[in-house]
Amino acid sequence: MIAVQEVQTAAKAQMEPLIPYKRLTWWVLALPALLVVALITRRFYLLLLCHVMGGCLWTGADIFLGFILGPVWRHLEPGQRIAVQRRLVPNTFLYMPVLAITTGTAGWYVAHHDGFATIHSAIFPWIVAAGAVTLILTVVGLGLLLPTNLRMLNELRKPNPNPDLLRRWTFRTRWLALVQGLFQIVIMLVMAYLAIAP
């Protein structure tokens, strides 16, 4: 009975588009839309809100995936892992890139507005450090995690997903999520310093 349900679930997944546009709900686009409004209206408060909210959501998600879900993952049965992946991958596929791009973009405009994005600023090295960490997070997220998630999503749509491939990609994803979590801690330290910098 369970095998029949798994085949039916996979068949249904194959009929859906690879990129789950139907799961792109309003809240995923709310933050980038707010950023556009902030830039058009030149409202610094909205710009700062986008940066802080995006950073909190991005950091929270990375830390949750790297330090909470990662250890739990080791104790799941292969069938349970596939079931979780079938729901988790499509949802994070859209959510994480939107947060990465919105947070970094808003952060640059905040630094520029405050006059910190010039070489003459006393805290310019900290701005460069924040930019470097954000760049690393974005490259790891969009350049490594996103393609791996696409491969996993495509494999999970098959009636009989290859458990060895999924295991290898899951292992890579877990380590990349851990790297993301560690760099998120670094960016929090940098942001805390920038918040009190003269």
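The values are calculated or read from the model by the stated rules, or taken from the named source; none is laboratory data. Quick caveat, the model's predicted, so the values are computed rather than measured. Heads up, the Cβs are rebuilt from the backbone with ideal geometry, glycines too, and the neighbour counts pull from every protein chain shown.
Which ones in region 103-121 are touching a residue at least 40 places away in the same chain (Cβ under 8 Å) and small (G, A, S)? I'd like the intermediate steps shown before the answer.
To start, the set of residues in region 103-121 that are touching a residue at least 40 places away in the same chain (Cβ under 8 Å) comprises 103, 105-107, 109-110, 113, 116.
Selection gives A106, G107.
Quick check: anything in region 120-137 at pLDDT below 85 and not hydroxyl-bearing (S, T, Y)?
Step one: list which residues in region 120-137 are at pLDDT below 85, which gives 121.
Next, only the ones that are not hydroxyl-bearing (S, T, Y) stay: none.
The answer is no; no qualifying residue exists.
Identify all residues within region 53-80 that are among the polar types (S, T, N, Q) and under 13 Å from T173 (Cβ atoms); write none if there are none.
Going through region 53-80, the residues among the polar types (S, T, N, Q) turn out to be 59, 80.
None - no residue of region 53-80 is among the polar types (S, T, N, Q) and under 13 Å from T173 (Cβ atoms), so the list stays empty.
Might you let me know whether region 70-82 holds any residue that is modelled with pLDDT under 85, crowded, with 16+ Cβ neighbours inside 10 Å, among the polar types (S, T, N, Q) and closer than 30 Å to N162 by Cα?
no
When only residues in region 93-143 that are assigned to a helix (DSSP H, G or I) and among the hydroxyl-bearing types (S, T, Y) count, which is surrounded by the fewest Cβ atoms within 10 Å (Cβ to Cβ)?
Out of the qualifying residues, it is T138.
When region 152-182 is examined, which residues are found to be under 17 Å from F93 (Cβ atoms) and touching a Phe, Trp or Tyr at 6+ places or on another chain (Cβ under 6 Å)?
M152 - this is the single residue of region 152-182 that is under 17 Å from F93 (Cβ atoms) and touching a Phe, Trp or Tyr at 6+ places or on another chain (Cβ under 6 Å).
Regarding region 147-163, can at least one residue be identified that is among the β-branched types (V, I, T) and either at pLDDT 85 or above or surrounded by fewer than 17 Cβ atoms within 10 Å (Cβ to Cβ) (or both)?
Narrowing region 147-163 to residues among the β-branched types (V, I, T): 148.
Still in the list and also either at pLDDT 85 or above or surrounded by fewer than 17 Cβ atoms within 10 Å (Cβ to Cβ) (or both): 148.
Yes, region 147-163 contains at least one residue that is among the β-branched types (V, I, T) and either at pLDDT 85 or above or surrounded by fewer than 17 Cβ atoms within 10 Å (Cβ to Cβ) (or both).
Cβ-Cβ below 9 Å, separation at least six or inter-chain, first residue in region 72-88 and over 10 Å from L153 (Cα atoms), second loosely packed, with under 11 Cβ neighbours inside 10 Å: which pairs?
That search, which allows pairs on different chains as well, returns G79/I2.
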